Every structure is written in C-alpha cells, then in structure tokens.
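Novice: I'd like to ask you about the structure that follows.
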Amino acid sequence: MSTAEATGRSRLELVADRSDRASSIICRGVLTAPGVPRLRAAIDAALAQPGVLVYLDLEDVTSADASGARLIAATIRRCSAERAHLELWPGVAVERMLVALGVSLPRRAYPSRPCELPAGPGATPPVPVHPVWAIPLAHRPASMRH
C-alpha cells in the first residue's frame, strides 16, 4: 500500500450543512484523534444555533478509536443536557465503540438517512432528503421547539 493510499484511508471526510431548522453533519472514513477537532468544531457550530435538529451521520465511518467514541458520547450527553434533538446514525464502527464505553444510543425519530457523501473529490455535494427539511418553519412539531 502506498503512503497516499494509507493517508486516504486514515482520513475523516466531513460535510456540514445548516438551515434555520436543522444542522447536518455527515462523515466518512476513520474517526480517530486527528479528525476529532474538525468534527468537534462542526458539532459546536451545529449546537450554537438553538432549537435545531442536529443530524449526525456516521454510517460511513469505517473505524473509530476511543477519542472519536468519547466525542460522540459527549455529544449525546450534551444534546440531552441542552435538550437539543439529536438524530444519530452511528454506523457499525462507532456503535461498537459506544457500546464498549457503555453509552446508550439516542432513539431516532426519522426512519432514513438524509443523504450520503459524494463519491469522491470534485463530486457534487449531497442533497438533503431528510424529512425535517420539508417541514415548513411555522409548522414545526412541538418536539422540535424549545
């Protein structure tokens, strides 16, 4: 394996998108210590906007270390404490680490992932298809208001 291949496989790709009602963070790759600061910054930005749904999609994360799992565990606790609605799609790798840490996964209200990351460099950004984007601002469910 070349150095470029190893670097590509050890990287965390991240796409963040915000609207007035929701913040979406979608990740692919490995969630290890080098990627934690970028993901933490995206999570902090999402939670800085009060009263939004925070959607964290980690389904395409292929592996996670303890620092990545601790960040997700802290995010779950923070969302609970701040009464922020978190839709977490942990994926197998992250879920395995959270279970090892004894962290209970939050229940999801929505049945499907909103979108996926584009195929590669230069690809078109993902198009959100999550039901929350279709909810008119004036008709938000009471569970999403603070």
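Novice: Looking at the stretch 15-41 only, could you name the residues that are surrounded by fewer than 22 Cβ atoms within 10 Å (Cβ to Cβ), closer than 23 Å to S112 by Cα and aliphatic (A, V, I, L, M)?
Specialist: Within the stretch 15-41, V15, A16, I25, V30 qualify.
Novice: Considering only residues of the stretch 42-63 that are open to solvent by 60 Å² or more (accessible area, probe 1.4 Å) and in a strand (DSSP E or B), which is farthest from P90 (Cα to Cα)? Please lay out each step first, then the result.
Specialist: Of the residues in the stretch 42-63, the ones open to solvent by 60 Å² or more (accessible area, probe 1.4 Å) are 44, 48, 50, 59, 62.
So of that shortlist, the ones also in a strand (DSSP E or B) come out as 59, 62.
On the way: E59: 6, T62: 11 Å.
For the stretch 42-63, the residue satisfying everything is T62.
Novice: Among the residues of the stretch 80-91 satisfying the criterion of being in a helix (DSSP H, G or I) and over 14 Å from V103 (Cα atoms), which is most open to solvent (accessible area, probe 1.4 Å)?
Specialist: In this case the residue turns out to be A81.
The values are calculated or read from the model by the stated rules, or taken from the named source; none is laboratory data. What you see is a predicted model; the values in this text were computed from it and never measured. Cβ atoms come from the backbone with ideal geometry, glycine included; neighbour counts cover every protein chain shown. Ligands, DNA and RNA are stripped out before the accessible areas are found, and what is left, the full protein with its side chains, is counted by its heavy atoms. Shrake-Rupley method; radii C 1.70, N 1.55, O 1.52, S 1.80 Å.
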